[in-house]
1. Kindly indicate the residue of the range 244-288 that is within 19 Å of the chain's Cα centre (by Cα) and of a type in the set (Val, Ile, Thr) and also farthest from Gly336 (Cα to Cα) among those meeting that condition.
2. Looking only at the range 105-153, which residues are farther than 20 Å from Leu82 by Cβ and surrounded by 15 or more Cβ atoms within 10 Å (Cβ to Cβ)?
3. Please determine whether any residue of the range 266-273 is in contact with a helix residue (DSSP H, G or I) (Cβ under 9 Å, 6 or more places away or on another chain) and either modelled with pLDDT of 95 or more or assigned to a strand (DSSP E or B) (or both).
4. Given Leu213, Leu232, Leu200, which one is crowded, with 20+ Cβ neighbours inside 10 Å and on the phi > 0 side of the Ramachandran plot?
5. Would you check which residues across the range 199-215 are in contact (Cβ under 8 Å) with a residue 60 or more places away in the chain and among the aliphatic types (A, V, I, L, M) and list them?
6. Please find, among Val47, Val20, the residue that is of a type in the set (A, V, I, L, M), out of contact with any Phe, Trp or Tyr (no Cβ under 6 Å at 6 or more places or on another chain) and at pLDDT 95 or above.
7. Do we find that Asp198 is modelled with pLDDT of 95 or more, over 28 Å from Glu55 (Cα atoms) and not aromatic (Phe, Trp, Tyr) in this structure?
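The values are calculated or read from the model by the stated rules, or taken from the named source; none is laboratory data. These figures come from a predicted structure and were not determined experimentally. Quick reminder, even Gly has a Cβ in these numbers, built from the backbone with ideal geometry, and neighbours come from all protein chains shown.
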Amino acid sequence: MKKIICFFICACFMMQSVCVFAEGEQETDLGLNAKSAILMEDSTGKVLYESNPDERVPIASVTKVMTMLLIMEAVDSGKITLDDMVTVSENAMSYGGSTMFLEAGEQLTVNDMMKGIAVASANDGCVAMAEHLAGSESAFVDMMNAKAQELGMENTHFMNTNGLDEDDHYSSARDVAIMSRELIKHKTIFNYTSIWMDTLRGGKFQLANTNKLIRFYEGANGLKTGSTSKALCCLSATAKRNDMQLIAVVLGAPTSAERFSSAKSLLDYGFANYAVNTQVTAGDEIDRVHVEKGVDNEVSVVAADTYSTLVKKGQEDNVTKEVILDEQITAPLEAGEKLGTMKISRDGETLAEIDLNAANAVEKKGIGLIVKDFFRMIFYGDSTMTAENL
């Protein structure tokens, strides 16, 4: 009986310890002065901190994250190139606020337009690019809303390309983090969002980044500021250290200084408390396997994707990896053909299943090579030849 009571007391103590730890995590207060905020780790999408993350609020020029996403998708898909010339319309020229001072009829490359949008937060550049890609700003806004729906951004609706205050134009901290994460999949974006100072028009127009973290925060590489009278001061800030890319979103801060201070607090918290462990990288050779009836006896098996896990510093990452390959692999093989799976688990729970593919093509032996190999096996006793491999 005493043993039972002792066990019960110990169990209660352990449960209490677990609860205190969980509550401590939940009650973490970073002292942010903003309407809403969120901190997300990029590779896993895990939220590390949040404060009122789903309230619908105006987001000012942070809207341009979606505008830039659609532009980068068009570039990476080959629909447009960075060297394409964009002609400025009267409509695009008419936009005020933060601009790159476009003139009607002026032509700039997509590359220069992206500099203007990402660095100088150019409202006119957004409209010029929208018209270039979709024919009109309204058609481009429809694309923005369709993309938001595709990404599962449940608390977002766009009315324009640049974030100027307008009824029914809103998003949330969580949704901004989602679209920011999608944007930075296009690595070329960092060529623009990490610029501190640059010029356009042959050095005649100076650019200075509105995101001060780019200069003053270690690892900062983006992403977009925003401020209007309704939205107050907003920021989607990205930074990378030790292979961990973080996304910190701050919406509705009362001053510019406080949005940067809040973003810095979020990023500091993430880098101080968490680490990313890369379990497998796309292209890693996992094994070499025998190929039946192939001109090559073996083929390298490589991982199709990269997979990382997030762990709190000081805690073990109890991850196991199980490689499951096809029992028999027979030529012909195509490069990239699936040959098996890597199952990644933690504490018995499957986290991911990564395809394992042939690194290169393997042709099937022709009759001439089969005959040649047969005689080589008979007369020279080639140990690499088997009846199954002929």
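1. Selected residue: Val250.
2. Answer for the range 105-153, where residues must be farther than 20 Å from Leu82 by Cβ and surrounded by 15 or more Cβ atoms within 10 Å (Cβ to Cβ): Asn123, Glu137, Val141, Met144, Asn145, Lys147, Ala148, Leu151, Met153.
3. yes
4. Leu232
5. Listed by number, the residues that qualify are Leu200, Leu207, Ala208.
6. Val47
7. Yes.
Every residue, every condition in (1) of a type outside the set (A, V, I, L, M); (2) assigned by TED's automatic domain parsing to the domain that holds Asn160; (3) closer than 30 Å to Gly125 by Cβ, yes or no:
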site	(1), (2), (3)
Ser36	yes, yes, yes
Leu39	no, yes, yes
Val47	no, yes, no
Ser51	yes, yes, no
Asp54	yes, yes, no
Val57	no, yes, yes
Val62	no, yes, yes
Met66	no, yes, yes
